[in-house]
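Below you'll find the structure, written out as structure tokens, and then a few comments.
The values are calculated or read from the model by the stated rules, or taken from the named source; none is laboratory data. Keep in mind that this is a model prediction, so the values were computed, not measured. A quick note on method: Cβ atoms are made from the backbone with ideal geometry, for glycine too, and the neighbour counts reach across all protein chains shown.
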Amino acid sequence: MYGQWYLCSPNLADLYRLLHKASHRGFPDMLGSLDYMHWERKKCPTAWAGQFTGYKHKPTVVLEAVASYDTWIWHAFFGVVGSNNDINVLARSLLFNDVVNGVSPHIQYVVSGNEYNLGYYLADGIYPGWATLAQWAIVRGPARMWHKEQLYSIMMMCVILHNMIVEDEYEDLDAESDDEDNCP
């Protein structure tokens, strides 16, 4: 019910705001910070364990998320089957399928004399450590559910709750100040 609002991709106005804020902070044309969270799957059926085992040598399910400057998660992709390292998840990502197919926003900019036509994402540990998602005990420890559908529902619920908190904090800040540079 809340996914339509709290799990949607940025519209044109949002995209303009994200690009403006990123440029103001020294990252022109950056679309967001991309990172992966590996959620250990404690009760993974033994027959499936090999499919879900990645670099941690334990069965995991992976969340791919893109967050904006205010930590709003505007893209979440969860539950890839297979050897779960970041490259395999990226290969199945809807976000990067859009980039490869030319569906992502076209943004033109020049860096060191080279012209680029797509925005970029900061990656590899740039997002401040998943502290907001780990505040719920259900994702802080290993997953204890058997079915992927249950794990998916739990993770998406945590992302929605995270975005609700970010929205609430941003509204509180707006009440205190009209300065958009004072984001949480």
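Values as computed for the structure displayed
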{"read-out": "Test for Tyr69: is it assigned to a strand (DSSP E or B) and surrounded by 14 or more Cβ atoms within 10 Å (Cβ to Cβ)", "value": "no"}
{"read-out": "Residue that is of a type in the set (D, E, K, R), under 26 Å from Asp70 (Cβ atoms) and either touching a helix residue (DSSP H, G or I) at 6+ places or on another chain (Cβ under 8 Å) or modelled with pLDDT under 85 (or both), where the choices are Glu149, Glu169", "value": "Glu169"}
{"read-out": "Single match in Gln108, Gln4 (criterion: out of contact with any helix residue (DSSP H, G or I) (no Cβ under 9 Å at 6 or more places or on another chain), over 20 Å from Cys158 (Cα atoms), surrounded by fewer than 17 Cβ atoms within 10 Å (Cβ to Cβ) and not small (Gly, Ala, Ser))", "value": "Gln108"}
{"read-out": "Trp74 being buried (at least 16 other Cβ atoms within 10 Å of the Cβ) and either modelled with pLDDT of 80 or more or of a type in the set (Val, Ile, Thr) (or both)", "value": "yes"}
{"read-out": "Selection from the stretch 53-70 of residues that are farther than 30 Å from Tyr170 by Cα and at pLDDT 70 or above", "value": "Thr53, His57, Lys58, Pro59, Thr60, Val61"}
{"read-out": "Residues located in the stretch 89-125, provided they are more than 19 Å from Leu12 (Cα to Cα), assigned to a helix (DSSP H, G or I) and over 14 Å from the mean Cα position of the chain (by Cα)", "value": "Ala91, Arg92, Asn97, Val100"}
